[in-house]
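Participant: Below: one structure in structure tokens.
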Amino acid sequence: MRVLLMLLCLLSVTAQATVYKWIDKDGNIHFSDQPHANAQQVKLPDNTGNQVTMTPVNAISNEEPTTSAEQKALYQVSIVSPHHEATIRDNAGDFTVTGNVQPELASGHYLQLFIDGVATSDAQASPVFQLKNIDRGEHKLQLKVEQQNGKVLASSSEITIFLHQAGLIKPAIPAPSAKRVNG
């Protein structure tokens, strides 16, 4: 069995080493491992094998490559005002949210304020957001640093605020009574 295996290995090595070349009637050059009429055997140099060297990979990552600006921008983001669990009293539903970002925003990076998971307006460079006509009740606020393409680079902790509005239904004003005039 060993002899047969060695014989097959030797035959495969010699078969791979023979290449034939011929030119057809139209002048096209052909190469084959099978002999053909008017074919010439081609001598191949010993070093014709392809050698591929791969550099070792330290870690496989599914993350997109980061730019130098992203690598440098490790932001700390927080909401300074209003405070967590603050009650805001404004009948119109208007109030201001002020954030803090350290270090300063790099070019192409912006702040976005989210109320209950929904962006309040377009992203901006300023950490001050003027909100108008917000419904009364409990709201969750979060501030995020984003790139122009919307990729989030940093997020603040989510805070809860309570917006209080005085009753919107005013008490009915009594109708003027009809005075009777004596006649």
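Laboratory data are not the source of any read-out in this text; all were calculated from the coordinates shown. As the structure is a prediction and not an experimental result, all values here were calculated from the model. Cβ atoms come from the backbone with ideal geometry, glycine included; neighbour counts cover every protein chain shown.
Participant: At 0.36 nm per residue, and after removing the present C-alpha to C-alpha distance, how many nm does the segment from Trp22 to Gln165 gain when stretched out fully?
Facilitator: Length gained, Trp22 through Gln165: 42.1 nm.
Participant: So how far, in whole Å, is the C-alpha centre of the stretch 82-104 from the one of the stretch 129-159?
Facilitator: 10 Å
Participant: Multiplying the sequence separation of Lys151 and Asn100 by 0.36 nm and subtracting their Cα-Cα distance, what value in nm do you get?
Facilitator: 16.4 nm
Participant: At His139 and Ala119, where each label point lies 7 Å from the Cα along Cα→Cβ, what is the point-to-point distance in nanometres?
Facilitator: A separation of 1.8 nm, rounded to one decimal place.
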